[in-house]
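Below: one structure, written as structure tokens.
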Amino acid sequence: MTVPSTLRPAASPSSGKTSARFWRRWWRSLSPNRQDRFAALAPLAAVLLFLAAIVAAFWYLRVEEADREQEALRRDVEYAQQRVRLRLLERQEQLMRIARDLANSDMELPQFHQRAESLIGQYPELQAITWIDENGKVLASHATPTIASAQVRVAGEVLRKGDTQAGFAQSRSSQQPVYSQPTIEEGEPLPLLQLQVPLNAQGKFAGVVLGEYSVDNLLRYGTPTELLARYAITLLDSRGQVLAGVPLAPRERAEWMPWTRRTTAYEIPVSPVGHNLVLRAQGYRTSLGLIGSGLFWLVGVLSTMTAWMLIATWRHTRRRMQAQQALVQETNFRRAMENSVLTGMRALDLNGTITYVNAAFCQMTGWSEEELVGQKPPFPYWPEADHEALHARLQDELSGKSIPGGFQVRVRRKGGTVFDARLYVSPLIDARGRQTGWMTSMTDITEPNRIREQLSASHERFTIVLEALDASVSVAPLGSSELLFANKLYRQWFGSQTDGHLQLVAQAGVLPVGDSDHPSDEDPLMGLPTDSLTSAHSENAEIFLPDLGKWLEVRSRYLSWVDGRLAQMVIATDITPRRLAEAQAARQTERAQSVSRLITMGEMASSVAHELNQPL
């Protein structure tokens, strides 16, 4: 039941007084700084609210007006699309009649040309009608005189590859009329809208009737005149390229007013072509009133000037916060890199005190960051036996006498073990370009040193073995006078040149080698297969060198040198004692044979004398 107004209780005045007392107590409870802050924000909030109300009202009116314009534009565009659609359907019906007559053989070439000429002359948007057989060959074609020569189809030619051939294949497969809009090519005339109507002769595909439309004439004669005067109407292809009409150019003035950036436009696909042909209309822009725009900008400028101080302060505070966040991120990133790098990093000030070490340095030495930072020489990771040398090296570092390639030192771990390290020293420069200390990077080279020592020892053992051989060993590349290797005995016999090597090879008849025109650093046999040479058995020969007065047994073998060149190794062994022994044995054998012959002759003479002395 509704209570009469005369019976309703009146609002108690004590409630208003209670609210006022609450706000008064809250205001007095604030600190002076907070009261000043609220006092500064209250006028700004009022100005911002006033500006927001003006902007909202202006925006609401503009949106209402734009919605009305957009709705009217949508209705007009749909009406124009219906007009264009009806015009296309009428032409399609006429082309389908021609296709039916051709399929039923009710029309010959003269009648086809007559019908095509009549349709083209009656409807300006129709530019050409072509009869194409099932193989894509043009049987007959009639076009308007205004069509470009490149677009004229001649009887007897075959359809070119492109949208026309694709539409022909689609019409063959679907047995339905197919619309296609070729793409615009630079330097070519505007393409024509194509309609391909299939010829169905007793259930078989017999070709198509191709009708080609001028998109510009279709827009001009298919769109109502009053709409062309009211809007900027254009026809677009599927990629948004303009086929007909002139679109509105964007105006720079619209950039100054956010609400004018929105252009009143509407587009819709033209049926039955589909998305290959889109009808778009743009409403002509009208300028805003000078008074309305001036009032808006005046209110905006005044409000902006009032709020400028607070906004500037807020932006300054925000930049400080962003800089602080960026600094924290950069610090965390650098800390992550320092903790992930495997190279030990150490920073010294100008007096030689450690100011920074990274995690890798602590892991190498075994000392923690707290134990190392602040230490002065001698540092705890210095071996006791190297204190003087390391102290002298540190003084050279502090004086700027650093070696660019670094230097090798021994470092003692906290557990007492010692490892080899290489240190690289560089000046530590601050943001002002001043040197504040020295930065040292340390890498553990214990394993590389061990490998280097093993390689050196292995090379030394190999060299000792070759030097101790009682045979001359030499290696030289083929076709070159360079001596790659020679042992001690070779150097004693022939010196350090390749003359002895070449002499041994030449006299042994292993490989005739003469003077070469090739430079010493070029292998003339490079690129040839060497597997058969290097895997072959060694060849040997015995020669006599008058200069040495020695008989030598020469053995040679081909091998691939460390740089990939094919080389020949020659091993010459002194066989002079063996040859002398063989010669002496031969002489003794010859004397024994002579004595044996004399003995045999004496026995024969005695037997003959015995026979002669006995009587018959």
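A few remarks follow.
- In segment 573-616, residue surrounded by the fewest Cβ atoms within 10 Å (Cβ to Cβ) [restricted to those that are closer than 30 Å to Ser556 by Cα and of a type in the set (S, T, N, Q)]: Gln584
- Here Asp76, Asp101 are screened, and the one residue that is in a helix (DSSP H, G or I), within 19 Å of Ala232 (Cβ to Cβ) and assigned by TED's automatic domain parsing to the domain that holds Val178 is Asp76.
- Residue count, segment 348-405 (criterion: buried (at least 19 other Cβ atoms within 10 Å of the Cβ) and of a type in the set (Val, Ile, Thr)): 3
- Of residues in segment 290-323 being within 42 Å of the chain's Cα centre (by Cα) and at pLDDT 75 or above, the one farthest from Leu41 (Cα to Cα): Ala323
- Residue under evaluation Trp297, criteria (1) more than 25 Å from Ile54 (Cα to Cα); (2) part of a helix (DSSP H, G or I); (3) not charged (D, E, K, R), criterion not met: (1)
- Residues within segment 125-143 that are surrounded by fewer than 17 Cβ atoms within 10 Å (Cβ to Cβ) and out of contact with any Lys or Arg (no Cβ under 8 Å at 6 or more places or on another chain), tallied: 4
- Residues (β-branched (Val, Ile, Thr), free of Cβ contacts under 8 Å to residues at least 40 places away in the same chain and touching a Ser or Thr at 6+ places or on another chain (Cβ under 8 Å)) located in segment 382-438: Val425, Ile429
- Looking across segment 249-287 at every residue that is part of a loop (DSSP other than H, G, I, E, B) and under 41 Å from the mean Cα position of the chain (by Cα), the one that is modelled with the highest pLDDT is identified as Ala249.
- Test: Ala244 is among the hydrophobic types (A, V, I, L, M, F, W, C), out of contact with any strand residue (DSSP E or B) (no Cβ under 7 Å at 6 or more places or on another chain) and without any contact (Cβ under 8 Å) to a residue 60 or more places away in the chain: no
- Counted residues, segment 322-362 - those being without any contact (Cβ under 8 Å) to a residue 60 or more places away in the chain, assigned to a strand (DSSP E or B) and touching a Leu at 6+ places or on another chain (Cβ under 7 Å): 2
- Enumeration of residues in segment 553-577 that are of a type in the set (Asp, Glu) and assigned to a strand (DSSP E or B): Glu553, Asp574
- Residue pairs whose Cβ atoms lie under 8 Å apart, separated by 6 or more positions or on different chains, with the first residue in segment 75-92 and of a type in the set (Asp, Glu) and the second crowded, with 19+ Cβ neighbours inside 10 Å and at pLDDT below 90, are Asp76/Tyr231; Asp76/Ala281.
- Listed conditions (1) touching a Lys or Arg at 6+ places or on another chain (Cβ under 8 Å); (2) surrounded by fewer than 16 Cβ atoms within 10 Å (Cβ to Cβ); (3) assigned to a strand (DSSP E or B) are all met by Asp420, apart from (2).
- Within segment 103-120, the set of residues being within 59 Å of the chain's Cα centre (by Cα) and either hydroxyl-bearing (Ser, Thr, Tyr) or within 20 Å of Gln175 (Cβ to Cβ) (or both) comprises just one member, Ala103.
The values are calculated or read from the model by the stated rules, or taken from the named source; none is laboratory data. Only a predicted model underlies this, so the values are computations on that prediction, with no experimental measurement involved. Glycine also receives a Cβ, built like all others from the backbone with ideal geometry; neighbour counts cover every protein chain displayed.
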